[in-house]
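All of the numbers you see were taken from the coordinates with simple rules; none came from a lab. Being a predicted model, the structure only gives us computed values, none of them experimental. Cβ placement follows ideal geometry from the backbone for every residue including glycine, while neighbour counts extend to all protein chains displayed.
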Amino acid sequence: KGAEPEFRNPRVKLLWDRWRNVWMMAWERQRRLQDKLNYIDELDRVRNFSWEEWRKRFLKFMNHKKSRLTDLFRKMDKNNDGLIPREDFINGIMNTKFDTSRLEMNAVADLFDRHGEGLIDWKEFIAALRPDWEERKTYNDTDKIHDEVKRLVMLCTCRQKFRVFQVGEGKYR
């Protein structure tokens with residue numbers, strides 16, 4: 001806080017204190033009204049919730065962050081069973097700083113917590129986010145190894161790019 005002014009006249013000090021009290025009450029009231037307005041806006045957004053619109057926003061956000069969806073969900077999946085508790089799912093997405101609200105995230109979670117068990121199957125969630133994911137899915141170990149080698153080579157930031165040559169099935173040098 002700044003230094004409080006000193007007044008010689010007690011009536012001026014009393015008036016100053018009253019004015020400051022009124023100002024603080026008005027500021028607090030404005031803050032409460034703004035909170036209510038934000039809540040009403042959030043309710044409107046949830047009432048008109050569109051999975052397709054949310055999906056596109058989220059994918060654009062994740063592409064901008066250059067993050068992999070599977071990495072995000074693997075971190076959330078503590079026991080590696082493919083299921084994430086509903087609250088962990090909501091908090092995990094909120095922690096990415098994606099522009100969404102808890103109410104909107106509850107609407108998303110409702111779509112994937114079909115049996116009301118409080119668990120989200122993250123592979124089902126990714127499949128819904130990216131309908132083409134299942135089609136692009138690699139089916140054998142050779143393809144998986146090749147994709148991983150390509151991904152790791154792409155991470156190389158050396159001046160002279162690291163080169164990898166496939167010398168046999170699943171063998172590289």
Taking the chain, the equivalent ellipsoid from its C-alpha gyration tensor has semi-axes in Å, biggest first, of 53, 24, 13
Give me Rg over Rh for the stretch 1-48, both radii from the alpha carbons and Rh done the Kirkwood way, two decimal places. 1.35
What pairs in LYS60/LYS97; LYS150/LYS171; LYS78/LYS150; LYS97/LYS123; LYS97/LYS150; LYS56/LYS144 have C-alpha atoms more than 24 Å from each other? LYS78/LYS150; LYS97/LYS150; LYS56/LYS144
Show that you can apply the helix-only estimate: for the chain, add -39,500 (n - 2.57) for every DSSP H stretch of four or more residues, divide by all residues, and state [θ] at 222 nm to the nearest 500. -19500 deg cm²/dmol
Can you give the alpha-carbon Rg of the stretch 49-134 over 2.2 N^0.38 Å, where N counts its residues? 1.00
What is the distance in Å between the Cα centres of the stretch 3-37 and the stretch 85-112? 39
Rounded to whole Å, sorted largest first: equivalent-ellipsoid semi-axes of the stretch 36-93, Cα gyration tensor: 26, 16, 10
Rank-order 42-55, 113-126, 83-96 by packing density, defined as the average count of other C-beta atoms within 10 Å over each peptide's residues, highest first. 83-96, 113-126, 42-55
